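Quick notes on the structure that follows.
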Amino acid sequence: MKIKSLLAAVSMVALSAGTAAALTIPATSVVPNGIIPAFELQLPGTPALTGNFAFDVMTETGNYPNGNNLLVTINLPTGLVFASNLSGSAVVPAANAQGVVNGGGTTGSNTVTLLVSLDDVYNSNVLSLALPLRLDACPAAGDFVEVLVRTESGTNIEEGRAITANIIAPCASAINGVVTSDAVVSDTQILLAPYTAIGEVLGTGPLNATGTLGAINYTIAPTVSKSLAAVTPLVSTDVDAITFDVAFENAAAITSVTAGGIAGTKIGNVFRFNVTAPADIATLLDGTADDIVITAVSGTTVIPTQTVNVVNSGVSFRDTGSPDLILSEAGATGALDTLQRQGREFGFFDWNSGGDGSGTVSVYRITGLTGATDYSVQLENSNANGTYSGTLTPDATGEAILFSTDLGGTLPADVVRYDFLLNLETSSTTVDVDRLLSKGGIVTSYGDGANNSYNNPRPNQPSVDSDNTLGSE
């Protein structure tokens, strides 16, 4: 190898004297490209996670000066180190360019300076580099590989610095999950008295004591990699178990719940899913939503209004094989369809003042009741969203009153303002709700007097109502 000590005067003028041009690393030159490591990788791993990366450093104003020497410094971001001791031929493999390590570049280090000799026939604005890299920790967002190019005397080539964030991206989750409720699509309800059966109340009507509460959907990200050699997604066999609980407030009447056709084990008010069979894990990870369904109830035990949630979720990974993976991570959690008793539904009623609210109080006059009637209210757009239950006791004329400040004792404390849906657990077609306003002892009507939400997709809106059924509160 021929190492020269001086740069040609013409090259110095073209590439370093007063130019504002910058060295660049084209993203298209990075090979392999698009590596997004998985958060699920155990870093540093055993064995270590390594890969060979190549990229180009390009000038903008002319070719690199042939027949001369350059100092090339490469700085790796935190978490990325050299997988082996560097040699000049491995780092600068292009024809007519040779290099030797001038400092650093040892296994486990993150910086190296190369002395690069360009032959007399070197005629290119591209300097090609190749690095054996090891990932010890996830790169931070905004971190980059930095390449500094200067003459032996310290004069920058162009601006002397090129960066790329495209060699290895920040880590991302390889396995993602979400829990969704299907209340809007098909409302699972506790069927009318004696409230011992479950059914879907949209379109086809009740479905023989079954009810879809929602779905759990796990997906494997196809662009997130467990390898540095090429984009290699995780597969279902990388997972040893997927666990979660479907938690009821009161599951006394619920005897069977499935998820994607997989049966849970009842423990008190919880149906526990500990999915370990490879075929079942593959089912949950196939990227399609897996319905969570109440498949059987006792048929004799009364079912109360209640919320249902997926909790205590986790994904456990294999502890053998390569690459090395973490032991486990949190799984998908969230609310499912609230189990609400079938009845006569009114609302949503907007802009209510709660106990901590101010201004006008809404008064709800409920008529047509035939006796003590259980009810539930579903709060939205508040600091206490959720479903709450109570009992209305009407007077001799079938009338009961709810005030927005407490909703008959069901409204949680400290609620300022809220919207709510009212469900009266009765099959009576004569019940009616009128909204009035009270301020300073004066009671007035709300305006259009409507008590149904026309755009509400729930199917059991009252078919008989003394007010405008196409309005909205």
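Values for this structure:
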{"read-out": "Share of carbon and sulfur in the accessible heavy-atom surface of region 305-409 [1.4 Å probe, %]", "value": "47"}
{"read-out": "Potential lengthening between SER427 and THR223 on full extension [0.36 nm per residue; Cα-Cα distance subtracted]", "value": "68.1 nm"}
{"read-out": "Label-point separation, TRP351 to ALA193 (7 Å along Cα→Cβ), nm", "value": "3.7"}
{"read-out": "Contour minus Cα-Cα distance for ALA27 and VAL235 (0.36 nm per residue)", "value": "72.1 nm"}
{"read-out": "Estimated distance in nm for a label pair at THR78 and ASP414, the labels positioned 7 Å out from Cα along Cα-to-Cβ", "value": "3.6"}
{"read-out": "Cβ-Cβ FRET estimate between ALA279 and ASN102, R0 fixed at 51 Å, reported to 0.05", "value": "0.35"}
{"read-out": "Per residue solvent-accessible surface (Å²) - region 114-154, probe of 1.4 Å", "value": "37"}
{"read-out": "Label-point separation in nm, PHE403 to ARG272, each point 7 Å along Cα→Cβ", "value": "4.7"}
{"read-out": "Carbon/sulfur fraction of accessible area - region 25-134, other protein chains in place, 1.4 Å, %", "value": "51"}
{"read-out": "Set of region 403-445 residues, backbone N closer than 14 Å to the point 7 Å along the Cα-Cβ line of VAL302", "value": "425-426"}
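The values are calculated or read from the model by the stated rules, or taken from the named source; none is laboratory data. Nothing here was measured: the structure is a model prediction, and the numbers come from that model. Backbone-built Cβ (ideal geometry, glycine too); neighbour counts: all protein chains shown. Heads up: the accessible areas ignore ligands, DNA and RNA and are worked out on the full protein's heavy atoms, side chains in. Shrake-Rupley method; radii C 1.70, N 1.55, O 1.52, S 1.80 Å.
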